[in-house]
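Working notes for the structure below.
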Amino acid sequence: MPDVLIVGAGTGGLAAAIYSARAGLETLVVDKAYPGGQIAMTENVENYPGFLSISGPDLIDKMVEQATHFGAQIVSEEVRRIVPIDGGTFQVEGTSSVWDVKAVIYAAGATPRMVNVPGEKELTGRGVSYCATCDAPFFRDKEVVVIGGGDTALDEGHYLTRFAAKVTIVHRREQLRAEQILQDRAFQNQKIHFELPYLPVEIQGDSKVEGLQIRHRDSGEMKTIPCEGVFVFVGYDPSTGLLARLADLDDGGYVKTDDNMRTKVPGLFACGDCRSKLLRQAITACGEGATAAVAASHYVESLSH
Ligand code: NAP
């Protein structure tokens, strides 16, 4: 029986794996895709201590190397169910495996939110994208629009200017939500233009994106921005559906834990972007992953007494 099963191989899950495996616990990390989570889609990370600048994929490669070096095993499978068993252990069901484990650390993160306007679903992959790092090279010398005014929108918008001829950021308020350093950088970038305060109305195009129709929040004035790409960065939804009947969730669907990452179910811990908290960053996910692993090791030890 593995001691600890970690759901999700983003920064939180991998940090938990490093601490858990290094503490001598048999550690299994299960991720529905490749290790990495959201940061794997980030071109340039410049606020992770110790690195002035590192790409998301490089940071993840180092974490995977470190976790496996200490003995963690990483498997690619989607976790479907987590069932607490009498005696304080768990049965975890994946798409093709069932694991009996002593403790579970839930680090499944969050997924990009849709803006829910006509044309979005139909044109996803045909000009509508949720990942600049993945898709920006397709828009070399083209005009693109970014929807959103948070850190992600400005970060990714800045990255898009390496390829696109023009990047228009459409945000629903006059005031951007992003941190000041990202705003300053965007305002200085000649390729970035703003449409404030405008709401997205429809992504237009038959087989591919041709424009974004927007409406002025106050005057109701409508106009269309011709473009070949629309990048949607309007926040994230926590991937916590599996915990809905197990743990307490906040109003946004994020998992509630105590300071030691314990949910209300003994032996079930949560860390990273799926957790209810102020700051969702790699550094906070890693700190929580470390705490969850140590708390889980105490729990595993308590089972044998
Ligand atoms: P966010 O901070 O929640 O911002 C979402 C943006 O989308 C807001 O500007 C919001 O407008 C807008 N929005 C939401 N729903 C909308 C809708 N239906 N229609 C139009 N606009 C809509 O999300 P995020 O930017 O993805 O950031 C998520 C977390 O990751 C944050 O904690 C952020 O600090 C962190 N992050 C950090 C960095 C960095 O440090 N470099 C980079 C990326 C992400 P309002 O402002 O009006 O609500």
- request: Inspect region 118-129 for any residue being at pLDDT 95 or above, near the ligand (Cβ under 10 Å from one of its atoms) and either among the basic types (Lys, Arg) or under 26 Å from the mean Cα position of the chain (by Cα) (or both) and give the result as yes or no.
  value: no
Subset of region 72-86, residues touching a residue at least 60 places away in the same chain (Cβ under 8 Å) and within 17 Å of Ala247 (Cβ to Cβ), comes to Val79, Arg80, Arg81, Ile82, Pro84
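Just to check your reading of the model, which residue among Leu176, Leu154 is touching a residue at least 12 places away in the same chain (Cβ under 8 Å), part of a loop (DSSP other than H, G, I, E, B) and on the phi < 0 side of the Ramachandran plot?
On the way: Leu154 fails: part of a loop (DSSP other than H, G, I, E, B).
Residue meeting the stated conditions: Leu176.
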Just one listed residue, out of Val101, Val64, Val79, is surrounded by 13 or more Cβ atoms within 10 Å (Cβ to Cβ) and either more than 17 Å from Gly36 (Cα to Cα) or not hydrophobic (A, V, I, L, M, F, W, C) (or both), and it is Val101
Residue count, region 99-124, condition touching a residue at least 60 places away in the same chain (Cβ under 8 Å), in a strand (DSSP E or B) and farther than 17 Å from Gly252 by Cβ, comes to 6
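For Glu26, state whether it is among the charged types (D, E, K, R), over 27 Å from Thr124 (Cα atoms) and at pLDDT 95 or above. If you could, list the steps in order and put the result at the bottom.
Details: among the charged types (D, E, K, R): yes; over 27 Å from Thr124 (Cα atoms): yes; at pLDDT 95 or above: yes.
It is true that Glu26 is among the charged types (D, E, K, R), over 27 Å from Thr124 (Cα atoms) and at pLDDT 95 or above.
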A careful count of residues in region 205-250 that are among the basic types (Lys, Arg) and within 27 Å of the chain's Cα centre (by Cα) gives 2
Going through (1) within 23 Å of the chain's Cα centre (by Cα); (2) of a type in the set (A, V, I, L, M); (3) surrounded by fewer than 22 Cβ atoms within 10 Å (Cβ to Cβ) one by one, Ile147 fails only at (3)
Taking region 244-299 and keeping only residues that are away from the ligand (no atom under 14 Å from the Cβ), part of a strand (DSSP E or B) and either touching a His at 6+ places or on another chain (Cβ under 9 Å) or of a type in the set (Lys, Arg) (or both), one is left with Arg262
(1) free of Cβ contacts under 8 Å to residues at least 60 places away in the same chain; (2) closer than 20 Å to Ser55 by Cα; (3) surrounded by fewer than 17 Cβ atoms within 10 Å (Cβ to Cβ); (4) of a type in the set (Phe, Trp, Tyr) all hold for Phe138 apart from (1)
For region 152-204 the number of residues that are within 22 Å of the chain's Cα centre (by Cα), surrounded by fewer than 18 Cβ atoms within 10 Å (Cβ to Cβ) and within 9 Å of the ligand (Cβ to nearest atom) is 3
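Scan region 197-238 for residues that are in a loop (DSSP other than H, G, I, E, B) and in contact with a Ser or Thr (Cβ under 6 Å, 6 or more places away or on another chain) and report the count. Steps first, answer last, please.
Taking region 197-238 and keeping what is in a loop (DSSP other than H, G, I, E, B), we get 197, 205-210, 217-221, 227-228, 233-235.
Narrowing the set further to residues that are in contact with a Ser or Thr (Cβ under 6 Å, 6 or more places away or on another chain) leaves 233.
So the answer is 1.
Can you pull out every residue in region 130-151 that is assigned to a loop (DSSP other than H, G, I, E, B) and either within 10 Å of the ligand (Cβ to nearest atom) or farther than 24 Å from Met222 by Cα (or both)?
Tyr130, Cys131, Arg140, Asp141, Gly148, Gly149, Gly150 - these are the residues of region 130-151 that are assigned to a loop (DSSP other than H, G, I, E, B) and either within 10 Å of the ligand (Cβ to nearest atom) or farther than 24 Å from Met222 by Cα (or both).
The values are calculated or read from the model by the stated rules, or taken from the named source; none is laboratory data. Note that this is a predicted model, so its numbers are computed, not measured. Neighbour counts run over all protein chains shown; Cβ positions are idealised from the backbone, glycine included.
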